[in-house]
Every structure is written in structure tokens, then in C-alpha cells.
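K.L.:
I am attaching a structure below and will ask some questions about it afterwards.
The values are calculated or read from the model by the stated rules, or taken from the named source; none is laboratory data. Predicted, not measured: the structure shown is a model, and the values here were computed from it. Here Cβ is always computed from backbone atoms with ideal geometry, including for glycine, and neighbour counts include all displayed protein chains. SASA here: full protein model, heavy atoms, side chains in, ligands and nucleic acids out. Shrake-Rupley method; radii C 1.70, N 1.55, O 1.52, S 1.80 Å.
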Amino acid sequence: MSSPPYVGRFAPSPTGLLHFGSVLAAIASYVDARQHGGRWLVRMEDLDPPREQPGAAEHILHTLEALGLHWDGEVLWQSRRHEHYLAALQQLETAGWVYPCGCSRKDVASLAHAGVEGPVYPDTCRNGMRGDELRGWRVRTLDSPIHFRDRIRGHLQYNLHRDLGDFILRRADGLFAYQLAVVVDDAEQGVTEVIRGVDLLHSTPRQIWLQQLLHRPTPHYAHLPLALSQQGQKLSKQNLALPVDAAHAPQLWWLALQFLGQHPPEALLGAEVATLQQWAITHWQLNRVPRDNQPAPTGLEGNASSI
């Protein structure tokens with residue numbers, strides 16, 4: 001059986017503007033897709049209105065265009081797809097994989113053991129909801145391994161129940177969880193390759209588990225190193241990383257390729273974006289991308305406008 005056509009994607013959340021870490025994921029996923037003659041999609045993961053920054057989504061799209069990162073087809077907006085997520089949740093509930101949970105974060109923290117990403121849910125409501133207030137709907141996990149091969153990090157394995165635990169698919173306020181929405185949308189959009197930051201590595205076994213339960217295909221994954229601030233924190237909206245200045249698009253391209261281990265020639269430092277793109281597509285090698293997180297380039301720790 002032949003492999004499906006390559007489809008990659010970039011899926012920012014409009015909780016803030018694009019910082020250098022976001023640009024790394026956008027450029028890496030774009031170049032990898034173009035080198036393989038594939039499609040590159042943009043999806044706006046606007047699932048959590050209280051956390052969104054007004055105007056951020058439009059600003060993100062304008063920044064991508066200024067960087068020469070032109071997507072195929074229309075942008076998919078998760079805020080307009082709640083009926084698709086509800087159908088998936090109902091499918092899981094009918095099959096007996098979903099249960100209501102009345103535990104608060106404080107409840108979980110008081111009983112949980114430490115996993116690879118914080119407290120692991122202690123199964124309090126697995127056999128019947130405790131308390132009178134519904135907090136969310138969780139999916140059951142199994143005490144068995146989830147295997148996958150990361151295109152950068154090699155073979156990885158998680159025991160989902162022990163390492164991460166039963167996780168929320170929908171909150172009591174009606175908002176759907178990122179894990180469920182991503183799985184539904186990747187399948188519907190035909191995504192075959194996911195290239196994103198290593199901060200989302202622990203989401204991958206959760207998403208593979210949902211793909212298995214929902215009988216959806218599993219993409220190939222690659223998790224990029226993170227760009228760190230001078231204080232050693234990842235550049236993120238939560239850590240108040242300032243946005244990149246798209247007026248410096250060529251410099252951003254060159255620095256991103258250098259950060260990603262591609263070693264662009266210094267002669268390209270003054271080149272136009274189109275020239276840098278073509279060089280990157282021709283010379284891109286994912287196996288050159290380092291595994292370890294690295295300091296952001298000088299002057300980019302939070303503000304690319306100082307280039």
C-alpha cells in the first residue's frame with residue numbers, strides 16, 4: 001500500500017503573538033513539507049477564549065505571510081468545530097472510555113504521584129464520580145506501553161496510565177481539551193507529519209491513544225529543541241516572550257536555520273526571504289536538528305526587533 005501524500009501543519013494558539021520559538025516550529029514544518037513536495041496547512045487553535053489575546057490570530061497570520069510562509073487551502077479555526085469534537089467525545093463515551101470527574105486540581109494534587117508532566121490523576125472517579133460538582137470528562141488509559149518513533153529523538157515509550165494518567169477531554173464549562181481537538185482535526189485534514197516543540201512531547205502518547213480509540217491514523221512526529229531565554233526558561237507567551245518583528249524576516253530565517261542545525265552560509269545573511277527559503281528547501285536535513293534545548297540567538301531572547 002502506498003503512503004498517503006505528505007501533509008504538514010502549523011497550529012498556533014492566539015494567546016499571544018509569534019515569538020522566536022514559534023517561528024522555529026513554523027519554519028521547520030514548512031521547509032520539511034516543501035522539500036517533500038507536500039502541503040502545509042495552518043490551523044488556529046482558538047479553543048480557550050478567556051486566554052486569547054484580542055487581535056492575536058490576525059497578527060499571527062500577517063506575520064506568517066511577512067515571513068513568506070504561505071499556507072495551502074483555508075485556515076482551520078478550532079472555535080468553529082465544536083460539533084466535530086462533541087461527536088468524537090460521544091463516540092468514546094458510547095464505547096465506555098470516558099467518565100465524569102468531580103475532582104479539582106487541589107484534589108488531584110493531594111493524592112497524585114508525580115509523573116513525567118506533573119501530578120498523575122489518581123483514578124478517584126474511575127468507578128463513579130466523587131462529589132456533587134462535575135469538573136470535566138476524562139478518558140481511561142491503560143497500564144500498557146505506547147510506542148512511537150520520533151523523527152529527531154528516535155524510539156520513545158510511555159506507560160500512559162502510570163506516566164500521565166487519565167486526562168481531561170472536556171471541561172465542565174464546555175470547552176474541549178487540546179488533546180481531543182488536535183486528534184480530530186489532524187485526522188480530518190489528512191495530516192501525516194507533525195513537527196513541533198519538545199514542550200509538546202508528552203502530548204504525543206495521549207494523542208496516539210485517542211487516535212487508537214477513535215480509529216484515526218497516527219502521523220509521524222518530530223519534536224524540536226526549545227529556544228531558551230537568558231534565564232534558561234523556554235520562550236513562551238506564558239513567560240512573556242516578546243513577539244518577533246517580521247520586518248527582519250530574512251534575519252529571522254537565517255537565525256532559525258542556524259538554530260535548527262542547518263548551517264546556512266554567511267553569504268545568505270543579506271539575502272531575500274525567497275532565496276533563503278529555496279536554500280533551506282534544497283539543503284534541509286531533519287537529522288541535523290539538535291535534540292538539546294539551546295539559548296535563543298543573541299538579541300532574540302524575547303524581542304527580535306533588536307536584530
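K.L.:
Relative contact order, percent, of the chain when contacts are C-alpha pairs under 8 Å separated by at least 6 residues? Walk me through the numbers on the way to the answer.
P.N.:
Details: 547 pairs, mean separation 65.0, N = 307.
Relative CO of the chain lands at 21 percent.
K.L.:
How many angstrom lie between the C-alpha centres of region 138-191 and region 56-73?
P.N.:
Going from one Cα centre to the other spans 28 Å.
K.L.:
Could you report the chain's accessible area per residue, 1.4 Å probe, as an integer in Å²? Mind dumping the intermediate values first?
P.N.:
Details: 14150 Å² over 307 residues.
Normalised by residue count, the accessible surface of the chain is 46 Å².
K.L.:
How would Tyr6, Tyr221, Tyr178 rank on accessible area, largest to smallest, probe 1.4 Å?
P.N.:
On the way: Tyr6 30, Tyr221 5, Tyr178 60 Å².
Highest to lowest solvent-accessible surface, that is Tyr178, Tyr6, Tyr221.
K.L.:
Taking amide H positions as placed in the peptide plane 1.01 Å from N, state which residues far from Ala177 in sequence (5 or more) or on other chains have amide H under 5 Å from it.
P.N.:
Arg170, Arg171
K.L.:
By its C-alpha gyration tensor, with a ≥ b ≥ c as the square roots of the eigenvalues, how is region 239-295 shaped: rounded for a/c under 1.5, else prolate for a/b larger than b/c, else oblate? Don't jump to the answer; show the numbers that get you there.
P.N.:
Numbers: a/c = 2.22, a/b = 1.07, b/c = 2.07.
Because a/c hits 1.5 or more and a/b fails to exceed b/c, region 239-295 counts as oblate.
K.L.:
Choose one of Leu92, Leu111, Gly73: the residue whose Cα lies farthest towards the positive end of the charge dipole of region 71-119 (beta-carbon charges +1 Lys, Arg; -1 Asp, Glu; about the Cα centre).
P.N.:
About the Cα centre, the residue reaching furthest to the positive side is Leu111.
K.L.:
Only Lys, Arg, Asp and Glu count, each charged at its Cβ (+1, +1, -1, -1), so figure out the dipole size of region 1-142 about its Cα centre, rounded to 20 debye. Let's see the in-between values first.
P.N.:
Values: 14 positive and 16 negative charges, 73 e Å.
Its charge dipole is roughly 340 debye.
K.L.:
Right, next: Connecting C-alpha atoms closer than 10 Å in a GNM of the chain, tell me which of Pro49, Pro264, Pro100 has the biggest fluctuation.
P.N.:
Of Pro49, Pro264, Pro100, the Gaussian network model singles out Pro49 as fluctuating most.
K.L.:
Please say if region 133-181 is rounded, prolate or oblate, where rounded means a/c under 1.5 for a ≥ b ≥ c the square roots of the C-alpha gyration tensor eigenvalues, and otherwise the choice is prolate for a/b larger than b/c and oblate otherwise?
P.N.:
Oblate, since a/c reaches 1.5 and b/c is not below a/b.
K.L.:
If you find the alpha carbon centre of region 1-47 and of region 263-299, how far apart are they in angstrom?
P.N.:
When both Cα centres are located, 17 Å separates them.
K.L.:
Also: Most mobile of Arg126, Arg43, Arg206 per a Gaussian network model of the chain (Cα springs, under 10 Å)?
P.N.:
Most flexible of the set in this elastic network: Arg126.
K.L.:
Kindly point out, ordered by number, any Cys in the chain whose beta-carbon has no other cysteine beta-carbon under 4.7 Å away.
P.N.:
That list is Cys103.
K.L.:
Work through the residues other than Leu164 whose Cβ is under 9 Å from its Cβ and net out their charges, Lys, Arg +1 and Asp, Glu -1.
P.N.:
On the way: positive: Arg162, Arg206; negative: Glu117, Asp163, Asp166.
Net local charge, Leu164 excluded: -1.
K.L.:
Can you order the peptides 146-158, 18-30 by their average number of other Cβ atoms within 10 Å per residue, highest first? It would help to have the intermediate numbers written out before the result.
P.N.:
Details: 146-158: 14.5, 18-30: 25.4.
Highest mean packing first, the order is 18-30, 146-158.
K.L.:
Express as a percent, rounded to the nearest 5, the fraction of DSSP beta bridges in the chain (both residues included) that run antiparallel. The partial results should precede the final answer.
P.N.:
Working: 19 of 34 bridges.
In the chain, DSSP labels about 55 percent of beta bridges as antiparallel.
K.L.:
If you add up the charges near Leu257, with Lys and Arg at +1 and Asp and Glu at -1, over every other residue whose beta carbon is less than 13 angstrom from its beta carbon, what do you get? Mind showing how you got there, number by number?
P.N.:
Details: positive: Arg288; negative: Asp32, Glu266.
Taking every Cβ under 13 Å from that of Leu257, the sum is -1.
K.L.:
Net charge near Val31, counting Lys/Arg +1 and Asp/Glu -1 over other residues with Cβ under 15 Å of its Cβ?
P.N.:
Working: positive: Arg9, Arg34, Arg39, Arg151, Arg196, Arg288; negative: Asp32, Asp72, Glu193.
So the environment of Val31 carries a net charge of +3.
K.L.:
Give me the percent relative contact order of region 3-100, please, defined on Cα pairs under 8 angstrom at least 6 residues apart.
P.N.:
Numbers: 110 pairs, mean separation 30.1, N = 98.
Reported as a whole number, the value is 31 percent.
K.L.:
Quick check for me: using +1 on Lys/Arg Cβ and -1 on Asp/Glu Cβ, what's the dipole size of the chain about its Cα centre, in debye to the nearest 20? Could the numbers behind the result be given before it?
P.N.:
Numbers: 27 positive and 31 negative charges, 138 e Å.
Using Cβ point charges on Lys, Arg, Asp and Glu, the chain gives about 660 debye.
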